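Here's the structure, in structure tokens; my notes come after.
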């Protein structure tokens with residue numbers, strides 16, 4: 001599995017009351033995806049209307065498909081970044 005960072009930006013004009021109405025559904029689906037090992041950390045920047053979701057998938061198409069299962073995805077523009085693993089320190093114990 002590869003690791004991706006999905007940048008999810010709320011589209012201009014999104015009615016946030018509609019977004020807040022699906023929070024419980026969103027949280028439930030997040031738990032399912034976490035349990036399946038398909039997503040990791042999630043970070044939210046309300047000031048920028050952006051959500052950052054660590055995603056684990058075989059390829060970019062599967063990563064996007066994972067995020068599209070989230071109820072809030074209907075209001076997002078997505079931008080996917082493949083992540084490179086951090087180099088090991090090379091230090092042996």
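In table form, for the structure just shown:
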{"item": "Test result for residue 35, exposed (fewer than 11 other Cβ atoms within 10 Å of the Cβ) and within 26 Å of residue 1 (Cβ to Cβ)", "result": "yes"}
{"item": "Selection within the range 55-70 - surrounded by 11 or more Cβ atoms within 10 Å (Cβ to Cβ) and part of a helix (DSSP H, G or I)", "result": "60, 62, 63, 64, 65, 66, 67, 68"}
{"item": "Test: residue in the range 9-18 that is surrounded by 14 or more Cβ atoms within 10 Å (Cβ to Cβ), under 14 Å from residue 80 (Cα atoms) and in contact with a strand residue (DSSP E or B) (Cβ under 6 Å, 6 or more places away or on another chain)", "result": "yes"}
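Quick grid of which residues meet (1) surrounded by 14 or more Cβ atoms within 10 Å (Cβ to Cβ); (2) in contact (Cβ under 8 Å) with a residue 40 or more places away in the chain; (3) not in a helix (DSSP H, G or I):
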site: 6; (1), (2), (3): yes, yes, yes
site: 20; (1), (2), (3): no, no, no
site: 24; (1), (2), (3): no, no, no
site: 43; (1), (2), (3): no, no, yes
site: 53; (1), (2), (3): yes, yes, yes
site: 72; (1), (2), (3): yes, yes, no
site: 79; (1), (2), (3): no, yes, yes
site: 86; (1), (2), (3): no, no, yes
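Taken together, the values in this text are just the output of simple stated rules run on the coordinates, not laboratory data. It should be emphasised that the depicted structure is a prediction, and the values quoted were computed from it without experimental measurement. Backbone-built Cβ (ideal geometry, glycine too); neighbour counts: all protein chains shown.
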